[in-house]
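The values are calculated or read from the model by the stated rules, or taken from the named source; none is laboratory data. Treat the numbers as computed from the prediction; the structure is a model and nothing was measured. Please note: Cβ atoms are built from the backbone with ideal geometry, for glycine as well, and neighbour counts cover all protein chains shown. Heads up: the accessible areas ignore ligands, DNA and RNA and are worked out on the full protein's heavy atoms, side chains in. Shrake-Rupley method; radii C 1.70, N 1.55, O 1.52, S 1.80 Å.
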Amino acid sequence: MVNSTSRPLASRRTVLAAGGVTTAAAALAACSGGSSDGGGGGDAPAADLEERGPITLAKGKDTTGKLAEFLETWNSEHPDEEVTLIELPESSDEQRRQMINNAQAKSDAYTVLGLDVIWTAEFAANQWVVELPQDKFPLDELIPATVTTATYFDKLYGVPFITNAELLFSRTDLLEAAGLDGPPESFEEMYAAIETLQEEDPELLGFGSQYSKYEGLTVQAAGLVASAGGELFDAEGKPHADSAEAVAGIQTVRDGFDKGFIPKEALTYKEEESRAAYQDGRLAFLQNWPYVWELAQAEDGSSSVNGKIVASLIPGLDGPGNSTLGGLNLGISAFAKNKGTAVDFIAFRAAAEQQKAWGLATAQAGSNAAIYEDADMLEAFPFLPQLKEAIDTGVARPAVVQYGEVTQAIQEAAYACFSGEKDAEPAMKDLQTQLTELE
């Protein structure tokens, strides 16, 4: 499932699920599918960013097993400002629910919050988190696209810690068989390659991504629309789901289903189902998060494509496409004590040396740009240049307060089109009507 933190990079030591998913489930990046609770934070106390003392870190379950070790580094150097970890459930929806309950109770139990990138607007608009002083953090060292996910009306409400973007995984043996010198850059090029390959092997399934009706489908839809030059919402929060570009983006995948280049079973794919189909050798091309790399390269007999994969940017309409971003931002509860310590702790976690150490220890993609050029990181994760480019050109899901209702509407529209229930244009017109009503 897509979750509140980024899916880990593949590690040579192990592949570990980030908080919000089970270790057998996939990804990231990224997220809540519940409805907006409303209720507002209201009457949040003025932010005192000087008060110091012990704090808490509330985030999804640490399935990496490494967080306590990293917190001890801080605690040993700040004995009067120790951080206590409060582990929330693995479920992204449950994490969000508990954080909202804490805010509505105006409780100071949570200090630093591990926020899914799609929660920024909701938590900021309801005054559940405080605006952060931009000069206290190394924002100029962070990937700009990740900083965007932590802003609301040009104000900073979180600091990016983990990020992620999807990549296209191709089989080098099939690229050669299709007469390609490298991975396809557009859907047209990829579909042509699949057509050639299926003439020789009609059982080959072609292309797969995450088309089941869940948060991952919103990830797909947002990326497809952006890759066609459109946007689901503009900077003022106005929907444009029925634009020619949005329709064209959605139609591209519908064409793949109609022509047999995307198998019907892909309508049931989440991260793990699509990965398994690729790793078993049934798919020629896969769009998924980078965690796929190590699993598909396994030499223990679990992968039939090990040694035959290459990662590249996801396909678009006229060239490389735009991936939707996942990730985890660190914010501060409006009702917490010792916010000054919280600011310093977040800055500590965002520093390049901490990001590198965390990446090597946990195989998670950090937000600090320097780690993508670090020799140790590149040795462990050779696809980092492609991932960095995907993040640089990545897009965020809609930054709207009523995200739960919005993502549900997007999923319904995209699934109706991909499954053949509706054509792209009427599906997106219906979506436009729904999104307009939610404004």
Can you find even one residue in segment 418-429 that is surrounded by 17 or more Cβ atoms within 10 Å (Cβ to Cβ) and free of Cβ contacts under 8 Å to residues at least 40 places away in the same chain? yes
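Residue-by-condition table, conditions (1) surrounded by fewer than 19 Cβ atoms within 10 Å (Cβ to Cβ); (2) not hydrophobic (A, V, I, L, M, F, W, C):
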residue: THR64; (1), (2): no, yes
residue: LEU67; (1), (2): no, no
residue: GLU77; (1), (2): yes, yes
residue: ILE86; (1), (2): yes, no
residue: GLN104; (1), (2): yes, yes
residue: SER107; (1), (2): yes, yes
residue: PRO133; (1), (2): yes, yes
Kindly evaluate LEU205 against the criterion of being crowded, with 19+ Cβ neighbours inside 10 Å and within 16 Å of the chain's Cα centre (by Cα). no
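Kindly state which helices (runs of 4 or more DSSP H) lie completely within segment 361-439 and contain at least 3 residues that are of a type in the set (D, E, K, R).
384-392, 424-437
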Count of segment 84-141 residues which are of a type in the set (Lys, Arg), closer than 20 Å to GLY327 by Cα and over 22 Å from the mean Cα position of the chain (by Cα): 0
Is it the case that THR218 is outside any strand (DSSP E or B) and either among the aromatic types (Phe, Trp, Tyr) or open to solvent by less than 10 Å² (accessible area, probe 1.4 Å) (or both)? yes
Between a residue in segment 173-187 that is surrounded by 18 or more Cβ atoms within 10 Å (Cβ to Cβ) and any residue that is in a loop (DSSP other than H, G, I, E, B), which pairs come within a Cβ distance under 6 Å, given they are 6 or more apart or on different chains? LEU174/ALA284; GLU185/GLY319
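Results for (1) acidic (Asp, Glu); (2) farther than 19 Å from MET428 by Cα; (3) open to solvent by less than 20 Å² (accessible area, probe 1.4 Å), shown as yes or no for each residue.
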residue	(1), (2), (3)
ALA352	no, yes, no
ALA363	no, yes, yes
ILE371	no, yes, yes
ASP374	yes, yes, no
PRO398	no, no, yes
GLY404	no, no, yes
GLN411	no, no, yes
All-but-one check, GLY366 against (1) closer than 16 Å to GLU141 by Cα; (2) in contact (Cβ under 8 Å) with a residue 60 or more places away in the chain; (3) out of contact with any Gly (no Cβ under 7 Å at 6 or more places or on another chain), failing number (3)
